[in-house]
Structure formats: structure tokens, C-alpha cells
1. Residue check: is L151 modelled with pLDDT of 95 or more, of a type outside the set (G, A, S) and either on the phi > 0 side of the Ramachandran plot or part of a strand (DSSP E or B) (or both)?
2. Of the residues R40, R25, R49, only one is part of a loop (DSSP other than H, G, I, E, B) and assigned by TED's automatic domain parsing to the domain that holds F95; which?
3. Looking at the structure I just gave you, is R115 crowded, with 16+ Cβ neighbours inside 10 Å, in contact with an Asp or Glu (Cβ under 9 Å, 6 or more places away or on another chain) and in contact (Cβ under 8 Å) with a residue 40 or more places away in the chain?
4. Among G238, G243, which is the only one that is buried (at least 22 other Cβ atoms within 10 Å of the Cβ) and either at pLDDT below 95 or over 30 Å from I315 (Cα atoms) (or both)?
5. Just to check your reading of the model, which residue among L79, L88 is more than 25 Å from H126 (Cα to Cα) and in a strand (DSSP E or B)?
6. Condition check: outside the structural domain of K91 (by TED's automatic domain parsing), out of contact with any Pro (no Cβ under 7 Å at 6 or more places or on another chain), under 26 Å from S97 (Cα atoms) and surrounded by fewer than 19 Cβ atoms within 10 Å (Cβ to Cβ). Does P185 satisfy that?
7. Of R287, R234, which residue is under 30 Å from I204 (Cβ atoms), of a type in the set (K, R) and free of Cβ contacts under 8 Å to residues at least 40 places away in the same chain?
8. Given the criteria surrounded by 14 or more Cβ atoms within 10 Å (Cβ to Cβ), in a strand (DSSP E or B) and touching a residue at least 60 places away in the same chain (Cβ under 8 Å), does A206 qualify?
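The values are calculated or read from the model by the stated rules, or taken from the named source; none is laboratory data. Given the structure is predicted, the values throughout are model-derived calculations rather than measurements. Don't worry about glycine lacking a Cβ; one is built from the backbone with ideal geometry, like all the others, and counts go over all protein chains shown.
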Amino acid sequence: MKLLFVADPLEAFNPKKDSTLAMMREAARRGHAVWACEPRQLRWLRDARGAQAVQAPCRHIQPLDGARPWFTEIEVVALALREFDAVLMRKDPPFDSEFFYATHLLEQAEREGARVFNRPRALRDHPEKLAILEWPDHIPDTLVSRDPAALRAFAREHGDVIVKPLDGMGGSGVFRLRNGADGAPDANLGVVLETLTDTGRRTIMAQGYLPQIAQGDKRVLLIDGEPVPYALARIPQGGETRGNLAAGGLGRAQPLQEGDLAIARALGPTLAARGLLLVGLDIIGTRLTEINVTSPTCFVEIREQTGFDVAARFIDAVEAAATRAA
């Protein structure tokens, strides 16, 4: 097979823990050709001869096992995306205007015959913070708003809340706000809400604080609707509220618990049917807090700690999905 990974610049990958690189290495091990481009390089062109296609200057690479350099470049060729057996969209958040435009170009490539995973329309339809609202029985008390008064009231009522932007990743911009022992609002409540909402111009999310975060913010991976049997619990360290690895959290792989499986079974078939081949559910205790669809990670940590090869399972699913779509 000929695989194209649409991702961040290859030179910025962390060879020790990057999940996209784990996918590339597994694909190359099976004899598949590995190619890469960046979303900013996608373009649709109709030339003087009437030819038209979504294309990009694509880098044909050979992944290596070493730390750096982790790949050799074989050639760079402008190719239409329909020339690949599968196109894997692996661009990290934020889901900004350029990401949005990239999904439209990828959807046009689908119309031209490309097989894209995760499907571009599904990426647009499942913003990672807001997608949980479809399953309210599984989520904590939540408010989505840009109204400072409504957010203040939610924070006062619950006494201990998490507030976060809708377009962040890695724990960026996440705050915990707590009422004092006397019931008075957090002294930083006003300035935090003003900053996150840009004084009422930007919508954010507030959720009731879940003390089970002390046992970890669990990343549960779904591949073609089926859960990987191990989660990575990202445990806050050093007094931090956030468990994100990017915020210094400790990653501990563990078997899925019954609550994890219940959420995975409730969501998995629906998300897979919509064209989401790979999904990362974030679960604290038994509550779903996010549905990650852009570039779910934790492949390497789970394999290193449990021996379960997530990348192999994922490439199995890509091979099967590409064959079905052919």
C-alpha cells in the first residue's frame, strides 16, 4: 500500500513518543510506502489542460529506528491524493480556520477518489470539546457559554470547577476555580473568565471538578469502534490540576475498567459508522470529558508499558478500511 500522512512538520516529531511515527514505522515494517505532507501544502489545481485534483508536494520517506534523524528522505513529488491507497489526517490541534479549510480540501479529494481517515466531514462534525454533548448521560455537569454571568453562576453553584477553551490541547488554558471555605467565589474567577472568554466574545466550557483526576485522566483509544484493552491514565504531578503529559502528568498504562468499557461501547459503533477510524476518549472516573479525533496519541506509552502494539492494531484497521473503500 501507498500511505500519505498529512501531519505537522516531520522535523518537529518527538521520535521517542510520537504516535504518528509509530504508525509510520509499523506501516514501513509491513512493506507499505510511507509518504508525508503538511496541511498547509494541500492545494486544488485546475491547469491549462483541464486536469484538476487536490494535490500536494509529498515526501517519500523511510522511517528509521534511531532517535534523530528518525527518517531518510527518498524523494519529493507533487501527487494527487487520490493516487494513495489511504490518506491519514494527523494534524495536531488547534482546530482553527486553516484546519477547517484543510478538511474541505480533503473532502474534495474524497470526491475525486481519495480514501481519507479520519473522514474530513467527521473531523468537522466532532469538535473535541463539544462532541461530548451528544452523550450527556456520560459527562460531568457542564456549561458551554461565553456569557460571563452564566459562567460565574455555574462556578458559584458548583463551588469547584474546571474552565477551558474549546480549541486547546495538552491542558493549555485549563484553570481550576474553587469557592473559599466561607463560600466566597475564587478570587481569580473574574479575571480568568474575562481572559478565556475575551470579555464575552469567545465561547468556553466549564465542568464540575472531578476529584477522581487524582487517579488519572484516562485516554481510551477506539480503533474502528473497538476499544484498545489498555488506557493510559495521565496522573497530575506536583500539585498540578492537569494530568496532560504536556503539562507534566505521569502516564500509567492500565487495563480498561468497567466504566471505561461502558462508555467505549456506547460511543464506539456510532463514531466508527461516521468515518472516525481512530478516536481518543478522555475519561475521569466514570465521566467522559473529551472526544479526541484530530490526532489521538499514547500509542508508544501503552506499547512500552504493556506490550500491546497499538500501532499494529491501527494499521490492521487502515488496511481493512482501505480495502473496503477500494
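1. Working: modelled with pLDDT of 95 or more: yes; of a type outside the set (G, A, S): yes; either on the phi > 0 side of the Ramachandran plot or part of a strand (DSSP E or B) (or both): no.
No: the conditions fail for L151.
2. On the way: R40 fails: part of a loop (DSSP other than H, G, I, E, B); R25 fails: part of a loop (DSSP other than H, G, I, E, B).
Being part of a loop (DSSP other than H, G, I, E, B) and assigned by TED's automatic domain parsing to the domain that holds F95 holds for just one of R40, R25, R49, which is R49.
3. The answer is yes for R115.
4. Exactly one residue qualifies, and that residue is G243.
5. Only one candidate qualifies: L79.
6. No.
7. R234
8. yes
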